[in-house]
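Here's the structure we're looking at; comments come further down.
The values are calculated or read from the model by the stated rules, or taken from the named source; none is laboratory data. Note that this is a predicted model, so its numbers are computed, not measured. Virtual Cβ from ideal backbone geometry, glycine too; neighbours counted across all protein chains shown. Heavy atoms of the whole protein, side chains included, go into the accessibility calculation; ligands, DNA and RNA do not. Shrake-Rupley method; radii C 1.70, N 1.55, O 1.52, S 1.80 Å.
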Amino acid sequence: QVQLVESGGGLVQPGGSLRLSCTASTSIRSISLMGWFRQAPGKQRDVVAMSSNGGTTNYADSVKGRFTISRDNAKNTVNLQMNNLTSEDTAVYYCNAEGGILGGAYWGQGTQVTVSS
């Protein structure tokens, strides 16, 4: 029903910034929730930030004040601005979409973020 394509991952030094983007194959105004999860080596997949089509945003405590999730409805894109990155942010980041016209949760292929000096 929907395809999600992530971009923007890469290697960055501690204290640096990256901007991740997730583009959906359908109007994101018809999707209740979109956001980002991450999975570090040897750890479970955890929520990072979520955005509802009603304007509500939620963040994991570990990223509050550093990460910002936003929607660009015209481009069917959800962005994650990541600032002041630390090595603890190193993970594969996955775009997620669920609710609204969707019959369940959908995932992107993942994009690697590596924070290292």
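Give the residue that is farthest from the chain's Cα centre (by Cα), with candidates limited to residues of region 89-115 that are in a loop (DSSP other than H, G, I, E, B) and either farther than 13 Å from Arg29 by Cα or modelled with pLDDT of 95 or more (or both). The residue in question is Gly103.
How many residues are of a type outside the set (Gly, Ala, Ser), open to solvent by 40 Å² or more (accessible area, probe 1.4 Å), in contact with a strand residue (DSSP E or B) (Cβ under 8 Å, 6 or more places away or on another chain) and farther than 11 Å from Asn79 by Cβ when one looks only at region 1-35?
Step one: filter region 1-35 for residues of a type outside the set (Gly, Ala, Ser), giving 1-6, 11-14, 18-20, 22-23, 26, 28-29, 31, 33-34.
Still in the list and also open to solvent by 40 Å² or more (accessible area, probe 1.4 Å): 1, 3, 5, 11, 13-14, 19, 23, 29, 33.
Filter once more, keeping what is in contact with a strand residue (DSSP E or B) (Cβ under 8 Å, 6 or more places away or on another chain): 1, 3, 5, 11, 13-14, 19, 23, 33.
Narrowing further to those that are farther than 11 Å from Asn79 by Cβ: 1, 3, 5, 11, 13-14, 33.
Total meeting the criteria: 7.
Please name all residue pairs, on different chains or six or more residues apart, with Cβ atoms under 6 Å, provided the first residue is in region 53-64 and is of a type outside the set (Ser, Thr, Tyr) and the second residue is modelled with pLDDT under 95. The qualifying pairs are Asn53/Arg29; Asn53/Ser32.
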